[in-house]
2 protein chains.
Amino acid sequence: MNDISVTPAKEAAVAAVMASPAYQTALATLAAQHDRTVADIVTLTEIAAPPFAEATRASAYLEMLRAHGLAEVEQDDAGNVMGLRRGTGGGPLVVVAAHLDTVFPAGTDVSVRREGTKLFAPGVGDDSRSLAVLLAYIRALDAAAIRTHSDILFVGDVGEEGLGDLRGMRYLFGTGRYKDRIAAFITVDSPDMDAVAVGGIGSKRYRVTFHGPGGHSFGAFGLVNPMVAMAQTVLELSRTTVPADPKTTYCASVVGGGTSVNSIPNDVWLEVDLRSKVPFQLDRLEKRFLRIVDDAVQAENHARSVREGPVTAEPVLIGNRPAGATDPASEVVRYATDAIAAHGFAPHLSFSSTDANIAMSLGIPAVKIGSGGTGGRGHSLEEWIDVAAEPSVRGMAAGLTAVLAIAGMEPA
Amino acid sequence: MNDISVTPAKEAAVAAVMASPAYQTALATLAAQHDRTVADIVTLTEIAAPPFAEATRASAYLEMLRAHGLAEVEQDDAGNVMGLRRGTGGGPLVVVAAHLDTVFPAGTDVSVRREGTKLFAPGVGDDSRSLAVLLAYIRALDAAAIRTHSDILFVGDVGEEGLGDLRGMRYLFGTGRYKDRIAAFITVDSPDMDAVAVGGIGSKRYRVTFHGPGGHSFGAFGLVNPMVAMAQTVLELSRTTVPADPKTTYCASVVGGGTSVNSIPNDVWLEVDLRSKVPFQLDRLEKRFLRIVDDAVQAENHARSVREGPVTAEPVLIGNRPAGATDPASEVVRYATDAIAAHGFAPHLSFSSTDANIAMSLGIPAVKIGSGGTGGRGHSLEEWIDVAAEPSVRGMAAGLTAVLAIAGMEPA
């Protein structure tokens, strides 16, 4: 791993939170209501939320936020749902978010299978669990009658995954009515408590459509085939060496096209994801990818006949997430890592591509923290989480402590 | 070309047909009603008939057959529509068929664009034109009051293209109520009058599903990707040398799969079409293809990490058309080539993969003839036909003469 180990700063703010009787009440509430939190995870996971089709889950979550007594509960024009827990006015606005969408397309079976303390379902950890954890935070704060200096805006947002291209965050920070008031941003994303993301991975996503003349599979045999140019692109990309540090990656992710089994296809398309922690490597990889596409088209046009027309390729940039970073010395990062360490975890600073990218790219202090417990196989159909009570509650307590330190806890 | 040139046999039957006053009346009817035939082509082409979704066009064609006064008009359980033009009982049953289905998926724009005498639309020549030509034959026979020895069963059939795998013909010859009575089979398929298909190309179609563990595009970078095994399969197949004679071909035709742009896919599938005029070459190509799939999976499992599981491939045979041939010396072939030559065309015997494959594989004399006029770019979105009157009518007259010679024309 190339993430940065951190030595917790032993911040007074975190110690003060954890020393308060109110914190003990909040912690006891997280533990006492853990079964309800697990039930909420199952409920939310089983409401499918494919990219660009988060509306049903958003409506359900809006009602949950309302039932939790937040103020100004609303849905914005991007589809984000949110509500305010008012502070005493002593601090600027803090946003605590989890994302509504999953990577899984419509039709994916999202029913939850339980084995002991393990829950299996697409999207269960990324990020359905976090949505339920935000509700657990609110109940714990209310049970302990905790007041904060800052207003806290709890958000269930759209468009975090894939082609959503962070549109929920772009709207919140660029257009929505809170856009100029957000002073700190915390996204709760996936279970792992140790990785505190302070850097946003930059990514570029392409959809390349390979076009050709098409024709009868037998009668027109020998004509150029856009499928071959697509295949050559995938294969040459898969042979590309990228640095492990700064971590840089590529993925040939989604593919489609063709007319029928007995036709040379007219069109084949391919979606590719390119990422790097640093802009220079991302630029270098992007240039190489576009050259691979061009070379693959050239090769096919010289391998088979172009008498009915050549193969062409049209790469379209469908996603462009800015890289960004939060200063490790900022309060947001210090409070988060200290709170996490104080709960027995081993925090390290990491880079990832999350809702925090937008805040980071705007220079607003932002971190990604975990929702607690454990989990694995995110973005695969075998995704799972473990909801065993002790590590789950301890993780939630760590996250809530970080939020309280950042938002400023009023003395009892 | 490796098709066989033929010297017309100057059959008495063809000469007798063409010398009759009734033939002159039929020919004049084809010419006089050509505009109606063109209108029927447009009407039928604009009723979408994707594979396995021919029902709407089938219903329309059933009504057209009924309106043309055929007897026992019906739809069988496979979806074929048909009607009988009764003969005098002096000959066995002759089937004249055209296929209802096109290769184009639901949602393809099938509206016809006309430029002069050219009509552009997916499926216009393959095989919508032939459906209209069968109706023109019937009107011409009726206008000339022509009687035949044989009953003629006119059929608009399903499942000729792609994954339809000739299911309409399999039903007609294997299950339907005429199955043991068919003595000769003529399919009218695509415009070209010169190529008379007397051999059925054998084909095998595979759908290969490549499965892998999937995962996050960035977090799980380095895991095996089934997309790469698919790509390697396409690429290695595209490098395979196949004989030009006996003509043997392959086509990587349709592809799909993937979860989202930021996920390593769990599943990617590929459909491939393999064909040859001779079983030996088809077997050889099939074995090579399956080896390529296996090698591609092996290579991917040694190029990236299998710690979350390997890539596997599951090839499923989704189409298997038997090769077959009609003896060039048979009456069906002699009459067809003689009728075509007598109308100013230059017939040659060819191999193709059509509805006639099933009859040929059962030893029933069968030919594929053209619908008349010219056309091109079949199976592509740029498909076109030319309906200029003279060559179109001459082509239809040739086809009708072949049918009359085969079915036995009664003297006036």
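The values are calculated or read from the model by the stated rules, or taken from the named source; none is laboratory data. The shown structure was predicted, so the numbers you read here are calculated from the model rather than taken from an experiment. Heads up, the Cβs are rebuilt from the backbone with ideal geometry, glycines too, and the neighbour counts pull from every protein chain shown. When the accessible area is computed, the model is the full protein with side chains, heavy atoms only, and any ligands, DNA or RNA have been set aside. Shrake-Rupley method; radii C 1.70, N 1.55, O 1.52, S 1.80 Å.
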- Query: Counting only residues 5 or more places away or on other chains, whose amide H sits under 5 Å from the amide H of A:S190 once H atoms are built in the peptide plane?
  - Reply: A:S130, A:S371
- Return the loop-located trypsin sites (Lys or Arg not before Pro) in the range B:71-123 (DSSP other than H, G, I, E, B) with at most 14 other Cβ atoms within 10 Å of their own Cβ; answer none if there are none. B:R86
- Note on the structure: When B and A pair up, the total accessible heavy-atom area removed from solvent (1.4 Å probe), in Å² to nearest 100, is 4900 Å²
- Message: Can you list residues from other chains, or at least 5 along the same chain, whose modelled amide H is less than 5 Å from the amide H of B:I318?
- Response: B:R205, B:Y206, B:R207
- Query: Can you list the lysines whose alpha carbon sits under 27 Å from that of B:K287, skipping same-chain ones fewer than 8 residues off?
  - Reply: B:K204, B:K247, B:K277
- Message: Given points 7 Å out from each Cα along the Cα-Cβ axis, report the A:H348 to A:R86 separation in nanometres with one decimal.
- Response: 4.5 nm
- Query: Based on Cβ point charges of +1 for Lys and Arg and -1 for Asp and Glu, what charge dipole magnitude is obtained for the range A:262-412 about its Cα centre, in debye rounded to the nearest 20?
  - Reply: 360 debye
- Output the antiparallel fraction of DSSP beta bridges having both residues in chain B, as a percent to the nearest 5. 70 percent
- Query: Distances from B:E74 to the same residue in each other copy, label points 7 Å out along Cα→Cβ, in nm, shortest first?
  - Reply: 6.9
- Can you tell me the dipole magnitude for the protein assembly as shown around its Cα centre, using point charges on the Cβ only (Lys, Arg +1; Asp, Glu -1), in Debye to the nearest 20? 640 debye
- Task: Report the trypsin sites (Lys or Arg not before Pro) located in the range A:191-271 that are in a DSSP loop and have at most 11 other Cβ atoms inside 10 Å of their Cβ, or state none.
- Result: A:R239
- Task: Just the number, please: carbon plus sulfur as a percent of the accessible area of chain A, 1.4 Å probe, no ligands or DNA/RNA counted.
- Result: 54 percent
- Message: Helix check for chain B. Which DSSP H runs span at least 15 Å along their own axis by Cα, with a mean Kyte-Doolittle hydropathy no less than 0.0?
- Response: B:21-32, B:34-45, B:55-67, B:129-143, B:226-238, B:331-342, B:389-407
- The answer for B:S263, listing residues at least 5 apart or on another chain whose modeled amide H is closer than 5 Å to its amide H, is B:S217
- Note on the structure: Note to self: with every protein chain in place and a 1.4 Å probe, the range A:113-232 gives an accessible area per residue in Å² of 24 Å²
- Message: Counting only other chains, and only Cβ atoms inside 10 Å, what mean value do you get across the residues of B:226-237?
- Response: 6
- Query: Shielding of A:203-215 by partners, i.e. mean partner chain Cβ atoms within 10 Å per residue?
  - Reply: 2
- Note on the structure: Mean other chain Cβ within 10 Å across B:270-283 is 2
